[in-house]
Amino acid sequence: MTAINAEKNSDQADGEPTAHAPNNVAHCRWQWRDEELVLLAQKAIWRPSGEELFVADLHLGKAEVFQACGIPLPSDDDRSTLLRLEKLCQQWKPTRVIVLGDLIHGPLGLTERLRADLRTLHNRLNAEVLLIGGNHDRHLHPDAFPQHPAFRLGELWLSHEPEQPMDGRAGLNLCGHIHPTTTLSQGSDRLKLPCFAYDNVEQRMLIPAFGELTGGHDCRHRYRKWLVAEGTIVPWLDNAQASNGSKVKW
């Protein structure tokens, strides 16, 4: 594995998505055709042209679901997740926040407190909030929070689970569901980090899970990745050597 120097522009190849030098280590600008996206270290994506903010997989109420199953977990993770989202909106001031599925974890987690948080979410974020329904949202009543099917936005196809555009037109599939991560190794040490993961074959960008209590799927060498750690985002070259147990040199 080789880290890309985040302070330098990468070379642009005709017809290929191009990574641009970020303004700082918390942002990374990336171009797909005419769509400019800003990958954020807060595990979200900013779309400047429409002033939209994309997040995925908040899984609110997950601690309460575990509690109902007899597993003792603290109940303050939702507050932390929502506070991070509030601060993100205060920074970027989006006109619309689009949640790419799994806003909640399940019906057992829909406490009165969470219902109240959902009712006031638009006001708290000072933006329209649109939810593309995910597999965990299927029990969420429309009165609690309306859901929308996958749809096109410019050259983007927005969905929860990975899928090809359903309107027959080419587009970049922006989705959640996978909770992409990367495992770095040095000797016997292992470090698992959330990441953005781009599949050049399927023309798909996976967004890391925004929620606190979420696991992750280790994305292998088929993806180009941007690692997220300690408030920074690092473009990362991960070639086929990664699947052969190559080591990371820090």
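Taken together, the values in this text are just the output of simple stated rules run on the coordinates, not laboratory data. Source: prediction; values computed, not measured. We place every Cβ from the backbone using ideal geometry, glycine too, and count neighbours over all the protein chains shown.
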Checklist entry - Taking R0 as 45 Å, what's the FRET efficiency between ASN135 and VAL25 from their Cβ-Cβ distance, rounded to 0.05? => result 0.85
Item to check | Cross-link table LYS87/LYS192; LYS93/LYS192; LYS43/LYS225, entries beyond 21 Å C-alpha to C-alpha | outcome: LYS87/LYS192; LYS93/LYS192
Next on the checklist: I'd like the FRET efficiency for MET166 and SER188, computed as 1/(1 + (r/R0)^6) with the beta carbon distance as r and R0 of 45 Å, rounded to 0.05.
Outcome noted: 0.45
Next on the checklist: For a Förster distance of 25 Å, can you work out the FRET efficiency between the beta-carbons of GLU36 and LEU83, rounded to the nearest 0.05?
Outcome noted: 0.35
Next on the checklist: Expected output is a single nm value to one decimal: the length gained when fully extending between THR111 and GLN90, i.e. 0.36 nm times separation in residues minus the C-alpha distance. What is it?
Outcome noted: 4.9 nm
